[in-house]
Amino acid sequence: MKFYAYFSGIGEEYLVIADNLKDAARAALAHFFVKHYGEELPEGSRFEIMPLADAYRRGFLVNAEVAFLEEVTYEQAFREFKELLDREAQRRAAGKVAQAGQATLAAWGVRA
């Protein structure tokens, strides 16, 4: 099924392809989180998701605008999200290893 996701405050919108509304919401949020990791959202930002037909009925989309939306699939969004988490875990682990190495050198009386 196809869904329309909109993030107010920054005006970002996606065409989400997922099996149901719940998975579409998860995919849109995961994709958004990866894309804007580390950024702050403007105060009062909101997230809306709805079936694509409802987006046309409610006036969010007109005519063929859907062709210009960034397309997000459930599988793609969670693959990106997992990769981000893996990168962060590696970065944090590298920092901890470096700290432990420096502490070991300091304990041995070696200046790094």
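The values are calculated or read from the model by the stated rules, or taken from the named source; none is laboratory data. Quick caveat: nothing in here was measured; it's all calculated off a predicted structure. Counting neighbours? That spans all protein chains shown, and the Cβs are built from the backbone with ideal geometry, glycine included. Please note that ligands, DNA and RNA were not included when accessible areas were found on the heavy atoms of the full protein model with its side chains. Shrake-Rupley method; radii C 1.70, N 1.55, O 1.52, S 1.80 Å.
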In region 41-57, residues that are over 11 Å from residue 3 (Cα atoms) and in contact with a strand residue (DSSP E or B) (Cβ under 6 Å, 6 or more places away or on another chain) total 1
Return the only residue of 62, 34, 72 being in contact (Cβ under 8 Å) with a residue 60 or more places away in the chain and either part of a loop (DSSP other than H, G, I, E, B) or open to solvent by less than 40 Å² (accessible area, probe 1.4 Å) (or both).
72
Restricting attention to region 1-30, report how many residues are modelled with pLDDT of 90 or more, in a helix (DSSP H, G or I) and of a type outside the set (D, E, K, R).
5
Take region 39-59 and flag every residue that is part of a loop (DSSP other than H, G, I, E, B) and open to solvent by 90 Å² or more (accessible area, probe 1.4 Å).
39, 40, 41, 43, 46, 58
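Please go through region 79-101 and give me each residue that is hydrophobic (A, V, I, L, M, F, W, C) and open to solvent by less than 70 Å² (accessible area, probe 1.4 Å), ordered by number.
Residues of region 79-101 that are hydrophobic (A, V, I, L, M, F, W, C), as a first pass: 81, 84-85, 89, 93-94, 97-98, 100.
Within region 79-101, 81, 84, 89, 93, 94, 98, 100 qualify.
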Condition first: exposed (fewer than 10 other Cβ atoms within 10 Å of the Cβ) and at pLDDT below 70. Now tell me which residues in region 102-112 satisfy that.
109, 110, 111, 112
